[in-house]
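Undergrad: Below is a structure I'd like to ask you about.
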Amino acid sequence: MTLYITQPTERHEIDEVTMQQPEKVYEVKFPDTFLWGAATASFQIEGAAKEDGRAPSVWDMFCRIPKAVYSGHTGDVACDHYHRWKEDIAIMQQLGLQAYRFSIAWPRIQPEGTGKPNPKGLDFYDKLVDGLLAANIVPYATLFHWDLPYELHCRGGWLNRDIADWFADYTRIVVEKLSDRVKYWMTLNEPGVFGILGYRDGIHAPGEKYDYPEMLRLIHNILLTNGRSVQAIRAASKTVAQIGWAHAGGVRIPATEDPKDIAAASHYMFSITSKDLWANTWWLDPVMFGHYPQDGLKIFEPHMPAFPADDMKTIHQKMDFLGCNIYHGPLIKANDKGEPEHVPLPPGYPLTALKWPVTPECLYWGPRFFHDRYKLPIYITENGLSNQDWVALDGKVHDPQRIDYTRRHLIELGRAIADGVDVQGYFHWSLLDNFEWAEGYKERFGLVYVDFPSGKRILKDSAYWYGRTIASNGANLRLPRYSENET
Ligand code: GCO
């Protein structure tokens, strides 16, 4: 008898009596060049909100709106990474991280969003990059992870087409400073998420609630800004830059490996059948193919903004890789007519602390489908979970769920690689527990526990486990061990 703990496929059968998984199923091999990393973002970890010339971002202001963020939490101190970055690099080194994805705070570099750069802001990232390289860790820099200078918001922010110029200038400043040492760039983090949650749903900064015409204009401006940023990186880079963005990968998982279900899931993932601003293709096709998808145009047509014809040329830039932030995905099957249909999860299905379902196959099908369509090397730029972590009486943080979650997802990623998908690396979200946006410090995503009142860091069991995963290049994924804490 079997008990299905993720979804009903052969691969995940567990013996109900022994609770053992057949080990042979988990034979995974990662290429020697595979890069093991972890990710963070400036506003979520840095703190030092008013130091060295930094001006407020939209998130600083959003945190001040009553009830906007859980328990009135702010990013004022966060993980205090701005002061503790050396300690944090030492932790990365201890884990054996090979790459670190971080973001640069625009309001540190250009406090008002435009004009002369702030040397102290640039210095911070300059030292950080040197520190990473000295620790043998490859820096992967994200230019925008949501902390838009508040001043620019007052000038229309993403709804003002000038943002493409502002961002291109900011890009140039950063790239001139760091590109002798930084080769890998991500322009924007999850454009869909900051666009939709911040400007349509009003639940992220800046808390606006716009309708379709404004939203489509805003998205167009975001795409244009990405194009200008890519051009600015290529023009200013002192080395041959590798450029991508971190897309919030809306993955659909085929409920079975029946070709009909696979086709239905893939079709669903890349088609627009309703006024769905989240649609992958609305964000990615213009960049990769140079046009909005036809099916989406039909649907959004009445609300589409007019824009100059050569915008699409600017938007359509050669990208070197596609970063995918993937955490979970719904199961899809083909109905009698072959159309995609959701398969509900059974009662009691595993959920993370944020109540996100645990669907490891998203790290197989996500990379595979994105790679099939866009033919670019893939990085998993985020994957991880919020878990109910606390310091146990032995002073340690035991998080077997994070180990199991990560292990399952990496096994699936390994399977994608074995099936020919070009996946270059994996960045766990996140290195540290941090400011989880509207959820404040309530959600803990870190491999490393942060005691926020004191700033003290404690490596969780998962951090040690991840360190061994890196050291063995994934070979230890086959071992079903969950409560390791070898210091
Ligand atoms: C996002 C961001 C991260 C989050 C993480 C967990 O996806 O929202 O990239 O900043 O913290 O994804 O929600």
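Undergrad: I'd like to check something: does the stretch 143-165 contain any residue that is of a type in the set (D, E, K, R) and under 13 Å from residue 104 (Cα atoms)?
TA: yes
Undergrad: Same structure again: Looking at (1) over 19 Å from residue 337 (Cβ atoms); (2) in a loop (DSSP other than H, G, I, E, B), which is the one condition that is false for residue 232?
TA: It fails just one condition, (2).
Undergrad: With 316, 328, 291, 342 as the choices, which residue is open to solvent by 50 Å² or more (accessible area, probe 1.4 Å), under 28 Å from residue 258 (Cβ atoms) and out of contact with any helix residue (DSSP H, G or I) (no Cβ under 6 Å at 6 or more places or on another chain)?
TA: Going through 316, 328, 291, 342 in turn, the sole match is 342.
Undergrad: Follow-up question, since we're still on this one. Kindly evaluate residue 247 against the criterion of being outside any loop (DSSP other than H, G, I, E, B), within 16 Å of the ligand (Cβ to nearest atom) and within 24 Å of the chain's Cα centre (by Cα).
TA: yes
Undergrad: Let me ask another. With within 30 Å of residue 364 (Cα to Cα), in a helix (DSSP H, G or I) and either open to solvent by 10 Å² or more (accessible area, probe 1.4 Å) or touching a helix residue (DSSP H, G or I) at 6+ places or on another chain (Cβ under 7 Å) (or both) as the only criterion, which of 223, 218 stands out?
TA: Result: 223 is the single residue among 223, 218 that is within 30 Å of residue 364 (Cα to Cα), in a helix (DSSP H, G or I) and either open to solvent by 10 Å² or more (accessible area, probe 1.4 Å) or touching a helix residue (DSSP H, G or I) at 6+ places or on another chain (Cβ under 7 Å) (or both).
Undergrad: With (1) within 21 Å of the chain's Cα centre (by Cα); (2) not in a helix (DSSP H, G or I) as the list, and residue 92 as the residue in question, which single condition is left unmet?
TA: So the condition that residue 92 fails would be (2).
Undergrad: Let me ask something else. Being open to solvent by 10 Å² or more (accessible area, probe 1.4 Å), closer than 25 Å to residue 189 by Cα and of a type in the set (Ser, Thr, Tyr) is the filter; apply it to the stretch 429-472 and report the residue that is farthest from the ligand (Cβ to nearest atom).
TA: Ranking the qualifying residues of the stretch 429-472, first place goes to 449.
Undergrad: Scan (1) assigned to a strand (DSSP E or B); (2) more than 19 Å from the chain's Cα centre (by Cα); (3) away from the ligand (no atom under 16 Å from the Cβ) for the single condition residue 404 breaks and write down its number.
TA: For residue 404, the failing item is (1).
Undergrad: If you don't mind, there's one more thing I want to ask. Could you tell me whether the stretch 303-315 includes any residue that is at pLDDT below 95, more than 16 Å from the ligand (Cβ to nearest atom) and farther than 17 Å from residue 281 by Cβ?
TA: yes
Undergrad: Here's another thing I want to ask about it. What's the number of the condition residue 426 fails, among (1) within 24 Å of residue 27 (Cβ to Cβ); (2) of a type outside the set (D, E, K, R); (3) away from the ligand (no atom under 16 Å from the Cβ)?
TA: Going through (1) within 24 Å of residue 27 (Cβ to Cβ); (2) of a type outside the set (D, E, K, R); (3) away from the ligand (no atom under 16 Å from the Cβ) one by one, residue 426 breaks only (3).
Undergrad: Same structure again: Among the residues of the stretch 345-354, which ones are within 16 Å of the ligand (Cβ to nearest atom) and surrounded by fewer than 16 Cβ atoms within 10 Å (Cβ to Cβ)?
TA: 351, 354
Undergrad: So which of 38, 48, 78 ends up being farther than 30 Å from residue 472 by Cα, within 16 Å of the ligand (Cβ to nearest atom) and outside any helix (DSSP H, G or I)?
TA: 78
Undergrad: Something else: Within the set of pairs 6+ apart or on separate chains, which have a first residue in the stretch 43-61 that is under 23 Å from residue 158 (Cα atoms) and among the aliphatic types (A, V, I, L, M), a second that is more than 16 Å from the ligand (Cβ to nearest atom) and outside any helix (DSSP H, G or I), and C-beta atoms under 6 Å apart?
TA: So the pair list comes out as 49/76; 55/111.
Undergrad: Grab the helices (runs of 4 or more DSSP H) fully contained in the stretch 101-213, keeping just those with 3 or more residues being of a type outside the set (Phe, Trp, Tyr), touching a residue at least 12 places away in the same chain (Cβ under 8 Å) and surrounded by fewer than 24 Cβ atoms within 10 Å (Cβ to Cβ).
TA: Passing ranges, in order: 119-134, 163-178, 191-199.
Undergrad: In the set 200, 161, 234, which member is of a type in the set (Lys, Arg) and within 16 Å of the ligand (Cβ to nearest atom)?
TA: 200
Undergrad: Please verify whether the stretch 385-401 includes one or more residues that are part of a helix (DSSP H, G or I), within 16 Å of the ligand (Cβ to nearest atom) and in contact with a Lys or Arg (Cβ under 9 Å, 6 or more places away or on another chain).
TA: Checked against the condition, which is being part of a helix (DSSP H, G or I), within 16 Å of the ligand (Cβ to nearest atom) and in contact with a Lys or Arg (Cβ under 9 Å, 6 or more places away or on another chain), the stretch 385-401 yields no hits at all.
Undergrad: Across the stretch 323-332, what is the total count of residues that are among the hydrophobic types (A, V, I, L, M, F, W, C) and within 15 Å of the ligand (Cβ to nearest atom)?
TA: 2
Undergrad: Can you spot a residue in the stretch 187-196 that is at negative phi, modelled with pLDDT of 95 or more, within 16 Å of the ligand (Cβ to nearest atom) and among the small types (Gly, Ala, Ser)?
TA: Taking every residue of the stretch 187-196 in turn, at least one turns out to be at negative phi, modelled with pLDDT of 95 or more, within 16 Å of the ligand (Cβ to nearest atom) and among the small types (Gly, Ala, Ser).
The values are calculated or read from the model by the stated rules, or taken from the named source; none is laboratory data. Values in this document were obtained by computation on a predicted structure and should not be read as measured data. We place every Cβ from the backbone using ideal geometry, glycine too, and count neighbours over all the protein chains shown. Each accessible area value is taken on the protein alone, full model and side chains, heavy atoms only, with ligands, DNA and RNA left out. Shrake-Rupley method; radii C 1.70, N 1.55, O 1.52, S 1.80 Å.
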